[in-house]
1. Name, by its number, the condition in (1) open to solvent by 50 Å² or more (accessible area, probe 1.4 Å); (2) modelled with pLDDT under 95 that does not hold for ALA336.
2. For the stretch 139-157, name all the residues that are open to solvent by 10 Å² or more (accessible area, probe 1.4 Å), on the phi < 0 side of the Ramachandran plot and of a type outside the set (Asp, Glu).
3. Whether any residue in the stretch 59-74 is in contact (Cβ under 8 Å) with a residue 12 or more places away in the chain, surrounded by fewer than 22 Cβ atoms within 10 Å (Cβ to Cβ) and of a type in the set (Phe, Trp, Tyr) is what I want to check.
4. Considering only the stretch 179-191, I want to know if a residue exists there that is assigned to a helix (DSSP H, G or I), open to solvent by less than 20 Å² (accessible area, probe 1.4 Å), closer than 30 Å to TYR278 by Cα and in contact (Cβ under 8 Å) with a residue 40 or more places away in the chain.
5. Can you pull out every residue in the stretch 19-36 that is among the aliphatic types (A, V, I, L, M) and either modelled with pLDDT of 95 or more or surrounded by 17 or more Cβ atoms within 10 Å (Cβ to Cβ) (or both)?
6. Mind telling me which of the residues ALA282, ALA258, ALA237, ALA244 ends up being under 28 Å from ILE297 (Cβ atoms), open to solvent by less than 20 Å² (accessible area, probe 1.4 Å) and modelled with pLDDT under 95?
7. Name the pairs whose Cβ atoms lie under 7 Å apart, with the first residue in the stretch 223-235 and polar (S, T, N, Q), the second in a helix (DSSP H, G or I), and 6 or more positions between them or separate chains?
8. Take the conditions touching a Leu at 6+ places or on another chain (Cβ under 9 Å), over 30 Å from SER267 (Cβ atoms) and not hydroxyl-bearing (Ser, Thr, Tyr) and apply them to LEU218. Does it pass?
Amino acid sequence: MRAEHYQLGLGESGRLKLRATALLAEGDSARTFEAAALLHDAARAEARALLALEHPTPEVRLASAVEQCACFVEGLDPVLAARSWGHVLDAAGRVPDAVAAPMLSRLKPRYFRLESAFGGALRKSPLVARHSGSLDLLRGGERQRYAREVALLLARFPGTPWLWWASCSIEHVRGRPGAAWDAIQRTCRLEPDSGHYDAVRLWLMPRAVPPKQVDAYLSESYADIHRASPEVCLVYALNEMELARHASSASTPRLERAFEAVLQGRSRAQAETSVGQYLRAAQLLLSEQLKGGEPTIDLLYRAGLGDLIVASSAASRRDPFRLLSQQVSQVITRHAA
């Protein structure tokens, strides 16, 4: 049965590659992006197929690593291709050179061409290279140049999730939530297993979609909350808490769903991390609200967020939820996964 699952996984990957090849032949930007996304899907199918084997041989491991890396290379994603190339080298070191060399013969020059092209493009994009994590220090003309650099890089490497993340970040800073939403959707399409990117999308959602669609998105997120990342659980809870603050009635179900999301997140987060502390803070605030009380700043102290409080203004301390929400927003949107 394991061998059958392995073959099914390889078949799925093969079909995705064929569809991607057909799209690439058409050549326009939308189809090129979709082809890149399909090739990323194919790489993940290859990885799942390998997991179906209980004891894969070193040769099978190398063949899988080569195929995964090739998908990222053809999918115009130099970042994930570089990570995958490391797995190729590791797997190649476990088989004789006479076996590894022909298996790498096609991939190796293709990978290094992509690596070289990306390195050269980055050298011409100094703002993107320097400010990939935070754009807070960019002002005026620098933001315009940063946006142009990102656009040029995406034109050449549209399969790179990190570049779409960068596009989302700059569009958010520029006050264009619709464009930011489109960019984060593409980021998540290319790398759907990233809890951080998914959390950014959930954070951006109420700011980018029509109000009538917000509850539909939240319901979809809540349906999968039992397997969501701690970051997604946290952002989901804060969204429900924000909506409950403005609800004229029936706010308790929102708070209850938020509380469940927090518990789910805390079960998977390390308590000493910032996300773990934010989840504990949210739990304390929700517990007080569900009892009918008014949350105070002391609850944030108890969650270990004294450093946040001491650096905040007196006005900010009057609203512990707003203080927590703003801090989470800054952390979620500032750092790439």
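The values are calculated or read from the model by the stated rules, or taken from the named source; none is laboratory data. Values in this document were obtained by computation on a predicted structure and should not be read as measured data. As a convention, Cβ positions derive from the backbone with ideal geometry for all residues, glycine included, and neighbour counts pool all protein chains shown. In case anyone asks, the SASA skips ligands and DNA or RNA and just uses the protein heavy atoms, side chains included. Shrake-Rupley method; radii C 1.70, N 1.55, O 1.52, S 1.80 Å.
1. Among (1) open to solvent by 50 Å² or more (accessible area, probe 1.4 Å); (2) modelled with pLDDT under 95, ALA336 violates only (1).
2. First, the residues of the stretch 139-157 that are open to solvent by 10 Å² or more (accessible area, probe 1.4 Å): 139-145, 147-149, 151-152, 154-156.
Next, from what is left, pick out any that are on the phi < 0 side of the Ramachandran plot: 139, 141-145, 147-149, 151-152, 154-156.
Scanning the stretch 139-157 gives ARG139, GLY141, ARG143, GLN144, ARG145, ALA147, ARG148, ALA151, LEU152, LEU154, ALA155, ARG156.
3. No, the conditions are met nowhere in the stretch 59-74.
4. First, pick out the residues of the stretch 179-191 that are assigned to a helix (DSSP H, G or I): 179-190.
Checking which are open to solvent by less than 20 Å² (accessible area, probe 1.4 Å) leaves us with 180, 183-184, 187-188, 190.
Still in the running and closer than 30 Å to TYR278 by Cα: 180, 183-184, 187-188, 190.
From what is left, the residues that are in contact (Cβ under 8 Å) with a residue 40 or more places away in the chain are 190.
Within the stretch 179-191, one or more residues are assigned to a helix (DSSP H, G or I), open to solvent by less than 20 Å² (accessible area, probe 1.4 Å), closer than 30 Å to TYR278 by Cα and in contact (Cβ under 8 Å) with a residue 40 or more places away in the chain.
5. Here is the first cut: in the stretch 19-36, the residues among the aliphatic types (A, V, I, L, M) are 20, 22-25, 30, 35-36.
Selection gives ALA20, LEU23, LEU24, ALA35, ALA36.
6. Numbers: ALA282 fails: modelled with pLDDT under 95; ALA258 fails: modelled with pLDDT under 95; ALA237 fails: modelled with pLDDT under 95.
It is ALA244.
7. Correct list of pairs: SER229/GLY195; SER229/ASP198; SER229/ALA199.
8. Numbers: touching a Leu at 6+ places or on another chain (Cβ under 9 Å): yes; over 30 Å from SER267 (Cβ atoms): no; not hydroxyl-bearing (Ser, Thr, Tyr): yes.
It is false that LEU218 is touching a Leu at 6+ places or on another chain (Cβ under 9 Å), over 30 Å from SER267 (Cβ atoms) and not hydroxyl-bearing (Ser, Thr, Tyr).
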